[in-house]
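Participant: Supplied in structure tokens, the structure appears directly below.
The values are calculated or read from the model by the stated rules, or taken from the named source; none is laboratory data. Model, not experiment: these values are computed from the prediction. Note that each Cβ is placed from the backbone with ideal geometry, even for glycine, and that neighbours are counted across all protein chains shown. Protein only, heavy atoms only, side chains kept; ligands, DNA and RNA dropped before computing areas. Shrake-Rupley method; radii C 1.70, N 1.55, O 1.52, S 1.80 Å.
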Amino acid sequence: MPLGQRAGDKSDSRYCGVEVLDFPAGDGLPAVLSHSLSSAFDFLLAPLVDPEYRPTPGAVLPVAASDLILSPSQWSSHIVGKISEWIDLDSEDEQLRLDSELTLKQEIAWASHLSLQACVLPPPRRSTCANYARVVNNILQGLTNMQLWLRIPLEKKESMDEDHVITDIVDSWEWWNSFRLLCEHSSQLYVALDILSSLPSMNSLGRWFGEPVRAAILQTDAFLTNARGYPCLSKRHQTLLTGFFNHSVQVIISGRSNHNDSQVSEGVLGSDENHTEDAHTRHALSPYLDYIAYLYQRIDPLPEQERFEINYRDFLQSPLQPLMDNLEAQTYETFEKDTVKYTQYQRAIAKALVDKVPDNEVPTTRTVLMVVGAGRGPLVRASLQAGEETGRKLKVYAVEKNPNAVITLHSLIKLEGWESMVTIISSDMRCWDAPEKADILVSELLGSFGDNELSPECLDGAQRFLKPDGISIPSSYTSFIQPVTASKLHNDIKAHKDIAHFETAYVVKLHRVARLAPPQEVFSFSHPNFSPKATNERYTKLQFELPQDTGSCLVHGFAGYFDAVLYKDVHLGIEPNTCTPNMFSWFPIFFPLRKPIYVPSESPIDVHFWRCCAATKVWYEWALMAPSPSPIHNSNGRSYWVGL
């Protein structure tokens, strides 16, 4: 039974499982499953094979239950397999190592036979886990529909002496990183995090949101007791779980009950063959489930904008080629629904009109306003509404190169009765010879990275028909980047099996990413720019410092944003610290790295970015210099460029 109903959330985080600690021999598994499902748990993390089993010639694998004892849909929907925990593939004991390899392969084969969706692998026993990873990687290459979840303690303690008196905290993310690198970033390898009573710093925890975490195994020892005697979690644990809920991570409750509850059955956790239960017997861990459900139900519903964007999360889209291609009606319609953007434009135009035309000149002055790249007319409407709002007279030129959009523009002008105020020009703004100079030049040519849809080149070509004291809206814009961990995006690009896709910038609604350092400015452009030496080529070197308590991390690429000043104090943008609320016209841009870069703790990240221009195209190049050099990506625009 789902933890609750949350508007717009159809993710797996609605479902909560329970770990079976003891081997359910005989007919124990159906009984445990039935009782757990009736107690509102959704699935079991259950051992598949008797933990006492060791391979011997001719031995039959002592499985927990015949494949006939549950229906195929029950195996698939309600059982996650737990691989034997004694397995140690990096042991110095050769026999144990060989037994471990054989048993692991046998158990995975049995799980595949049962059509399980996933199996949980035991955590590495030491930081050196090359042989374990080798065997798992071999298995992964033969799997088609099943996922493997590597169990990793969120915080790992290792004893420093034989008396276990002094302990050292090991960064378990390092274990995961080594393992997944050895397994070649397999898209079927995921993480199941063991959450205990102590947690690392929030910056350290933040790294996991960019990793493929599928489950949070929450130990009962992590719970506190509230004033009424019921289990609860610390504020930090609550914050962590809320983050996991928002990233499609399922909770699995594990451990013995530490809280008394009437009418409970401890036997459902294991293979107690003597226990009997009736319809009123509660599961031993039901109080913990109730609290997890309470946390889930307390989360705010997804805002309408997030519900609209949910299907675009982590979906790679190629950026538009606005000069080479004509937009389709559906694309125009999506952009036109963004009322926040056009409200900001209307505010900026109104302020510019008031500054241009003093009150005493209003009766005798008509302001010439040109909308370049008018599309189907939303900026024309915003301009005329600004004129009406301020009482200023307008003469509007609507310049649009797309002949299909021009047809819609003519219909709009006729429908609204604007013929006397608006002149439609079907032409590329860079080629049009204006009959008069403009007081205000309005455009919406910005891309996710500000200049990536060639706003500088277009406006440079259009500013020749702007008066010397004319106003450009927008007046300036700046791009930003920040390093991110984004395992899903990396795997999606890797699936194309070529370099070109790793040298392409993608528009993407970032979701399962870890933002590792605050964004920094990259390129800036101002309009109009009448300098005779003006160039739109740029080169920037940036250094990012990760927070000291983050620990090591893996950088898969850079997230890009923009912020634009429309006029004076009116701005719009998607840079996370200053983003315009409830605006959805732009998703961030993502610049991938061909090979993810490991960044040791407290090491800076040095990145170089270029904006390059040629006669027929504009492109970006990027490269890391520290902590280790990467190739220069997209040299000479060989993989990705925007056509002029």
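Participant: Under 14 Å from the Cβ of Glu436, count the other residues' Cβ atoms, weight Lys and Arg +1, Asp and Glu -1, and hand me the total.
Facilitator: Numbers: positive: Arg366, Lys395, Lys437, Arg464, Lys467; negative: Asp433, Asp439.
Within the 14 Å Cβ shell, the charges total +3.
Participant: Any idea of the accessible area per residue across the range 470-628, 1.4 Å probe, to the nearest Å²?
Facilitator: That works out to 38 Å² per residue.
Participant: Given the peptides 547-553, 233-239, 285-291, arrange them by the average over their residues of other C-beta atoms within 10 Å, most packed first.
Facilitator: On the way: 547-553: 18.4, 233-239: 14.9, 285-291: 22.6.
Highest mean packing first, the order is 285-291, 547-553, 233-239.
Participant: When the helices in the chain are scored as -39500 (n - 2.57) per DSSP H run of 4 or longer and the sum is shared across all residues, what 222 nm value do you end up with, to the nearest 500 deg cm²/dmol?
Facilitator: Working: 15 runs with 166 residues, N = 644.
Result for the chain, helices only: -8000 deg cm²/dmol.
Participant: How far is helix 235-245 tilted off the main Cα axis of the chain, in degrees rounded to 10, range 0 to 90?
Facilitator: Orientation of helix 235-245: about 70 degrees from the principal axis.
Participant: Follow-up. Mind checking which aspartates and glutamates have their Cα closer than 20 Å to the Cα of Lys467? Skip sequence neighbours fewer than 8 apart in that chain.
Facilitator: Asp355, Glu361, Asp428, Asp433, Glu436, Asp439, Glu444, Glu457
Participant: Just in the range 305-357: which GluC sites (Glu not before Pro) are loop by DSSP and have at most 12 other Cβ atoms within 10 Å?
Facilitator: On the way: sites: Glu306, Glu309, Glu328, Glu333, Glu336; in loops: Glu328.
Filter output for the range 305-357: Glu328.
Participant: Please identify every one of the trypsin sites (Lys or Arg not before Pro) in the range 487-585 that sits in a loop by DSSP and has no more than 13 other beta carbons within 10 Å of its own beta carbon. Write down the numbers at each step before the final one.
Facilitator: Numbers: sites: Lys488, Lys494, Lys497, Lys509, Arg512, Arg515, Lys533, Arg538, Lys541, Lys568; in loops: Lys497, Arg512, Lys533, Lys568.
Loop-located and lightly packed - Lys497, Lys533, Lys568.
Participant: OK, next. Report, in degrees rounded to the nearest 10, the 0 to 90 angle that the Cα long axis of helix 28-38 makes with the longest principal axis of the chain.
Facilitator: 40
Participant: Would you mind checking the tilt of helix 339-356 against the longest principal axis of the Cα atoms of the chain, expressed as 0 to 90 degrees and rounded to 10?
Facilitator: Here the helix axis deviates by roughly 30 degrees.
Participant: Nearest 0.05, what FRET efficiency do Thr128 and Cys431 give at R0 = 51 Å with Cβ-Cβ as r? All intermediate terms of the calculation are to be shown ahead of the outcome.
Facilitator: Numbers: r = 65 Å, r/R0 = 1.28.
E(calc), rounded to 0.05, equals 0.20.
Participant: Taking 2.2 N^0.38 Å as the expected size of a compact globular protein, what ratio does the Cα radius of gyration of the range 12-302 give against it, to two decimals?
Facilitator: Working: Rg = 19.0 Å, N = 291, 2.2 N^0.38 = 19.0 Å.
Output field value: 1.00.
Participant: Can you work out the FRET efficiency for the pair Arg464 and Met324, with r the C-beta to C-beta distance and R0 = 22 Å, to the nearest 0.05?
Facilitator: After rounding, the FRET efficiency stands at 0.45.
Participant: On the accessible surface of the chain, probed at 1.4 Å, how many percent belong to carbon and sulfur atoms?
Facilitator: Ligands and nucleic acids excluded, carbon and sulfur reach 50 percent.
Participant: Using modelled amide H (1.01 Å from N, peptide plane; none on Pro or chain starts), what sits under 5 Å from the amide H of Cys553, excluding residues fewer than 5 places away?
Facilitator: So Cys553 has HN proximity to Val599.
Participant: Could you compute how much accessible surface Glu388 exposes when probed at 1.4 Å, giving the result in Å² to the nearest 10?
Facilitator: We get 150 Å² for Glu388.
Participant: Need one number: convex hull volume per residue for the chain, Cα atoms only, in Å³. Each step should come with its number before you reach the end.
Facilitator: Details: hull volume 127.2 nm³, N = 644.
Cα convex hull per residue, to the nearest whole number: 198 Å³.
Participant: How large are Rg and Dmax for the range 478-643 when only the alpha carbon atoms are used, in Å?
Facilitator: For the range 478-643, the Cα-based Rg and Dmax read 16.3, 49 Å.
Participant: For Cys579 and His608, calculate 0.36 nm times their separation in residues minus their Cα-Cα distance, and state this gained length in nm to one decimal.
Facilitator: 8.0 nm
Participant: Efficiency by 1/(1 + (r/R0)^6): what FRET value for Met1 and His410, r their Cβ-Cβ distance, R0 = 35 Å, to the nearest 0.05? Spell out each step's value before the answer.
Facilitator: Numbers: r = 57 Å, r/R0 = 1.63.
Efficiency, rounded to the nearest 0.05: 0.05.
Participant: Quick query: amide H of Val213 versus all other amide H atoms, modeled in the peptide plane; which residues come in under 5 Å with a sequence gap of 5 or more or a different chain?
Facilitator: Answer set, sorted by chain and number: Val191.
Participant: Could you tally the net charge around Ser526, taking each other residue with its Cβ under 12 Å from the Cβ of Ser526, Lys/Arg +1 and Asp/Glu -1? Each step should come with its number before you reach the end.
Facilitator: On the way: positive: none; negative: Asp451, Asp460.
Its environment carries a net charge of -2.
Participant: Please list, ordered by chain and number, the residues whose modelled amide H lies under 5 Å from the amide H of Phe315; skip anything fewer than 5 residues away on the same chain.
Facilitator: Under 5 Å from the amide H of Phe315 lie the amide H atoms of Lys509, each far enough along the sequence or on another chain.
Participant: With a point put 7 Å past each Cα toward its Cβ, work out how far Glu94 is from Thr616 in nm, to one decimal.
Facilitator: 6.5
Participant: Assuming 1.002 mPa s and 20 °C, estimate D for the range 1-61 with Stokes-Einstein, Rh taken as the Kirkwood radius over Cα pairs, in µm²/s. Show your work: numbers first, answer last.
Facilitator: Details: Rh = 13.9 Å.
Rounded to a whole number, D works out at 154 µm²/s.
Participant: What fraction, in whole percent, of alpha-carbon pairs in the range 10-107 exceed 22 Å separation?
Facilitator: Values: 1741 of 4753 pairs.
Tail of P(r) above 22 Å: 37 percent of Cα pairs.
Participant: Still on this structure, I have one more. In sequence order, what are the phi-derived ³J(HN,Hα) couplings for the range 143-154 according to the Karplus relation 6.51 cos²θ - 1.76 cosθ + 1.60 with θ = phi - 60°, rounded to whole Hz, with x for glycine and proline?
Facilitator: Those phi angles translate into 8, 10, 10, 9, 9, 10, 9, 7, 6, 10, x, 4 Hz.
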